[in-house]
Amino acid sequence: MHNLLYYTILILFVVTKSYAQEGKRIQIEHAGFMVADSTVGKDIATFVRNDQQQIHVTHDGVNMWCDKAIYYKNENFIEAFSNVRMQQGDTINMTAKYVEYSGTTKLAFASGDVVLTEPQSTLTTDTLFFDRAKQQAYYKSKGKVVRDSSGTITSQIGRYYMDSKKYRFLKDVVLVNPDYTINSNQLDFYSESGHAYLYGPTTIKGEASNIYCERGFYDTNNDVGYFVKKSRIDYENRIFEGDSMYFDRNRSFASATNNIKVTDTTNKSIIKGHYAEVFREKDSVFITKRALAITVQENDSIYIHSDTLMVTGKPEHRITRAYYNAKIYKSDLSGKADSIHADHKTGLTELINLSRFSSTDAFATKRKPILWNLGNQMSGDTIHLISNTETEELDSLKVFDNAFLISKDTLGTGFNQIKGQKLYGLFKNNELYNVDIIKNAEIIYFSRDGENELIGINKSKSGSINIQISDNTINEIRLINQVDGDLFPESQFPENARRLRGFDWREEERPTSVEDLFKDDPPLELPIIKGLGEFVPEEEFFDEALLDRVEEAESEDPKKVNKAARNIPKQVLQKRDSIKAQNTPLKKVVKPKKDKQ
């Protein structure tokens, strides 16, 4: 019995050494038991593990263990069965139910509960190709990658580049994280940094936001992203769009550059510009560079433009602030001010001249708030315009301090003028029909009869004045607590007395269209967005070099099947055969520059 055991061990030792003589050939480090089978051929050996340890195979820096192996010596090819474990260096480990490996091509094929692990992630799939020459792994039968800090990534097709520690996921890509889910056509993922590059239609759905882009970047470690090409973020009550967008999930912050549009889905309003910042938790939007706010109304939308716009407040109480050369326009009303403050809940719009500017400032008059309604020009230190939020029509007007109302005489070249400390106006169907001038009221009015013949020019002072207007024409003037005044024939009223102190006709500044809101702006120069370039395809996994190695592994005996080729997709081999039949060289694939991490 002892002699039998001795000779068995001796035979196994000799067999093992004979298979390990050549450095580039597969080596059997531990063979267990060799099973003799004369039917399979003299150069084919079958090994089965013993009770002490598994079969151990090595080749050019890779170690493999299994319970059973079939070694094809002449073809330098091995099949491994049951509890297969493959290890490359200290970082790459793979387990599977079955693995076959060619020492000539250095291509391994694994199937059955395949698990590939590296320090940062774990890949599981049903079948996997591992090209050790290129240091790449590839699957096309759906796979899953788990990374603790990033979540789980699944795709129909996947590729792992071991040198750069990069995954390329293709077709039906889904990244699931506790805070969000990414769906994409293609996702390039770097396992060390957690950086993801997104190509094709992509969505990132979270609890508070949904993101869409067709090219983008996402840092899964720090939860920040950068998106270009049709970028869009949907919040609960806002849609944020722009050419280039930055997103910070932890700060609930997003910013965008060029061709920006923010839609308030609750209040039917839109703001546009070319640089914007959105703070979701603070319910605020900051936008500049041709900033334009649009309050969408059924009959007539309102437009506000300024150097900078801010929209703040919860959906039920939004406030728009426009400052520095602010302008407002709708078909029957327009205005200008240093700043405009609009409360969408109350319908109050304030046109303000900031008090920090001195009245002696050369531009103080230009900053003074002013409104135009049909043929009437109204100005003052501050103007309040009140709208009915239900009917979306103008309700009333208040001008505080240095109030001035001017309209052109209907037929002549003169101007009807009323001034006082305060002005209160009422609207009907968006037309001014009643005006009250309070305290220190003055008037110059071109009085005409029913035939529109000029009767004379009325110049008066009183405590207050009430004016009734219809069809943009003054029907009646009531002087209350009149101090003095008279009606002068036109010939007896000198030209230099026909304008009240402070008169300033500013018709040339009046916006008459949405485009007019921008006529004073400096030329717009948008920055060139570089960021992420277009996707550049890399060489195929089954490229020319790999297929050359597969061809090299073919036996001289044409009857023998090339085992190194049997799991390569048929369409790949057919394409190569077709090209060879045409006797034309394979098209060389230009390798792209290495991705920046």
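The values are calculated or read from the model by the stated rules, or taken from the named source; none is laboratory data. Remember, predicted model here, so these are calculated numbers, not experimental data. Ideal geometry is used to build each Cβ from the backbone, glycine not excepted, and the neighbour counts take in all protein chains shown. Accessible surface areas use protein heavy atoms only, side chains included; no ligands, DNA or RNA. Shrake-Rupley method; radii C 1.70, N 1.55, O 1.52, S 1.80 Å.
The figures follow:
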{"item": "Shape call, region 102-142: gyration tensor on alpha carbons, a/c limit 1.5", "result": "oblate"}
{"item": "DSSP beta bridge pairing in the chain, given as percent antiparallel to the nearest 5", "result": "100"}
{"item": "Gyration tensor (alpha-carbon) shape descriptor, region 280-435, a/c threshold 1.5", "result": "oblate"}
{"item": "Neighbour net charge for Tyr180 - beta-carbon separation under 11 angstrom, K R +1, D E -1", "result": "-1"}
{"item": "For region 253-265, Karplus couplings with θ = phi - 60° (6.51, -1.76, 1.60), whole Hz, Gly/Pro x", "result": "10, 8, 9, 8, 10, 6, 6, 8, 9, 10, 9, 8, 6"}
{"item": "Euclidean distance between Cα centres, region 423-496 to region 281-357, Å", "result": "33"}
{"item": "Cβ-based net charge around Val84, under 9 Å, with every Lys or Arg adding one and every Asp or Glu removing one", "result": "+1"}
{"item": "Efficiency of FRET between Ile529 and Val146 - r from beta-carbon atoms, R0 35 angstrom, step 0.05", "result": "0.55"}
{"item": "Alpha-carbon centroid distance for the pair region 504-544 / region 553-585, whole angstrom", "result": "53"}
{"item": "For region 495-511, 3J(HN,Hα) per residue [Karplus equation, 6.51 cos²θ - 1.76 cosθ + 1.60, θ = phi - 60°, Hz, x = Gly/Pro]", "result": "4, 6, 9, 8, 9, 6, 4, x, 4, 8, 7, 10, 4, 5, 8, 5, x"}
{"item": "Cα-projected label distance for Glu556 with Gln156, points at 7 Å along beta-carbon direction, nm", "result": "4.5"}
{"item": "Sulfur and carbon atoms: percent of accessible area, the chain [1.4 Å]", "result": "49"}
{"item": "Residues Phe400 and Asp307, FRET efficiency given R0 of 30 Å [Cβ-Cβ distance, rounded to 0.05]", "result": "0.80"}
{"item": "Separation of alpha-carbon centers, region 146-162 and region 43-116, rounded to whole Å", "result": "24"}
{"item": "Residues in region 316-346 reached by a label modelled at Arg506 [backbone nitrogen below 17 Å; 7 Å Cα→Cβ]", "result": "322-330, 333-341"}
{"item": "Phi to ³J(HN,Hα) by Karplus 6.51 cos²θ - 1.76 cosθ + 1.60 over region 470-484, Hz, x for Gly, Pro", "result": "8, 6, 6, 10, 6, 8, 8, 10, 10, 9, 10, 6, 5, 8, 7"}
{"item": "Efficiency of FRET from Cβ geometry, Ser252 and Arg25, R₀ 51 Å, rounded to 0.05", "result": "0.25"}
{"item": "Extension reserve of the Asn50-Lys428 stretch, reckoned as 0.36 nm per residue once the Cα distance is removed", "result": "126.1 nm"}
{"item": "Count of Lys pairs (Cα-Cα under 23 Å; at least 8 positions apart or interchain) in region 442-581", "result": "9"}
{"item": "Relative contact order (percent, whole number), the chain, Cα cutoff 8 Å, 6+ residue spacing", "result": "5"}
{"item": "Amide hydrogen neighbours beyond the local backbone of Thr391, cut-off 5 Å, H modeled", "result": "none"}
{"item": "Spatially close lysines, pair count over region 149-281: Cα under 29 Å, gap of eight or more or interchain", "result": "20"}
{"item": "Shape of region 59-159, Cα gyration tensor, a/c cut at 1.5", "result": "prolate"}
{"item": "1.4 Å probe accessible area per residue over the chain, in Å²", "result": "51"}
{"item": "C-alpha long axis of helix 2-18 to longest principal axis of the chain, angle in °", "result": "60"}
{"item": "Matching label, Cα extents along the principal axes in Å computed from the structure shown, candidates (1) 93, 56, 46; (2) 144, 52, 40; (3) 79, 62, 60", "result": "(2)"}
{"item": "In region 191-254, trypsin sites (Lys or Arg not before Pro) in a DSSP loop with at most 12 other beta-carbon atoms within 10 Å", "result": "Arg251"}
